[in-house]
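Notes follow once the structure below has been shown.
Only the coordinates and a few stated rules stand behind these numbers; no lab work does. All values derive from a computational prediction rather than experimental measurement. A quick note on method: Cβ atoms are made from the backbone with ideal geometry, for glycine too, and the neighbour counts reach across all protein chains shown.
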Amino acid sequence: MSDTPAQVLGSSRIDFEDTEKLRLLCGAHNENLKLVERRLGLQVGSRGLALLLQGEAARVKLAERLLRELYDLVAGGYPLHLEDVDQATKLAGQGVALKEVFGETVYVSARHRVITPKGLGQKRYVEAIRENDIVFGIGPAGTGKTYLAMATAVAALVDRRVKRIVLCRPAVEAGERLGFLPGDIAEKVNPYLRPLYDALFDMVDSEKAGAFIERGTVEVAPLAFMRGRTLNDSFVILDEAQNTTGEQMKMFLTRLGYGSKAVITGDVTQVDLPSGRASGLMEVQKVLRGIEGIAFCSFSEVDVVRHPLVQEVVRAYDAFEAERRARRGPPAEGGGEG
């Protein structure tokens, strides 16, 4: 006989008032409800203007609060997407009201997409950028470090809190020696700066973005071209900062002039520097900790914001790799792959 206590099952009925808002909550073909079912491990059905929940009592209670909060977001005009529901399930049970996170608009893009934090890590990051002049966003890809920095920069430009945006990135593969490539600076480093362009064009219509770049209101340049400059009234973003050396990081940080902000983003687990060269992003965390006006924001895999199926793909590959390692057995003593 098992010593494991039996699950306490429960059920709940949530009644709503507006058919259209309930439809938006449920999503196309009930995809939002299906995602809540998978993430929280219970059954969610619909009947008229009501949602019916069944499963473990604690999970039912959690889902009830989550769905009510999501409905309130929709009722307030928030354009609910599947990735929002996915992130909301991660926040469930943390005692944080969804409005505190999703309700903080950073910028409304040219496509009328409301850009907001999608989790506590992102919320703290946006707050840090608003409250400090130098902010480091450190963590894995997909956590919104660069995208949110760009959104905050565009919002500052539109509100005339800065006069220009400067985007730069180290061009590690080319050794920062870009003169042999044809074209102007932007064309030379386009392969390295493409992610920054993509974020910009996602927020501002192509005609306006093109005009910004042509007038120099938005400047895109490799890190090497920052030397000797002073950047006043600017919002400066350094992306892929894990590929800077200590000297390059110091050079970049000392470019900041009056009325400017700098956001430095990177993933210290993805350093592409030549062997033996220390990452400036790793070093700067030891050098600048505790200085007022400088903030460090760390992200983890929990903060990754991607299509919900990406998590399923990652889990499937993790399970596959674990099974393959189990079949191989422990490595022979003194052995190794050639």
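Tabulated results
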item	result
Pairwise FRET efficiency - Glu247 versus Glu323, Cβ, R0 = 51 Å, nearest 0.05	0.65
Gain upon complete extension [Val158, Leu82; 0.36 nm per residue less C-alpha separation]	24.5 nm
Order by protection proxy (mean Cβ within 10 Å, highest first), peptides 234-247, 19-32	234-247, 19-32
Angstrom value of the Kirkwood radius, inverse mean 1/r, which spans all Cα pairs in segment 19-163	16.5 Å
Inter-part distance where segment 69-112 and segment 255-283 are each reduced to a Cα centre, Å	31 Å
For the chain, share of DSSP beta bridges that run antiparallel, in % to the nearest 5	35 percent
Partner lysines for Lys123 [C-alpha distance under 17 Å; skip if fewer than 8 residues away on the same chain]	Lys90, Lys99, Lys145
Inter-probe distance in nm under a simple model that places probes 7 Å from Cα toward Cβ, at Arg227 and Arg215	3.2 nm
Inverse mean reciprocal Cα-Cα distance (Kirkwood Rh) of segment 191-244, Å	12.5 Å
Asp133-Ser275 pseudo-label distance in nm [points 7 Å out on the Cα-to-Cβ vector]	4.2 nm
³J(HN,Hα), Karplus 6.51/-1.76/1.60, whole Hz, each residue of segment 148-154, x for Gly, Pro	5, 4, 5, 4, 5, 5, 5
Taking the convex hull of Cα positions in segment 231-280, its mean projected area over all directions (nm²)	3.2 nm²
Estimated inter-spin distance, Arg68 and Glu292, nm [label 7 Å along Cα→Cβ]	4.3 nm
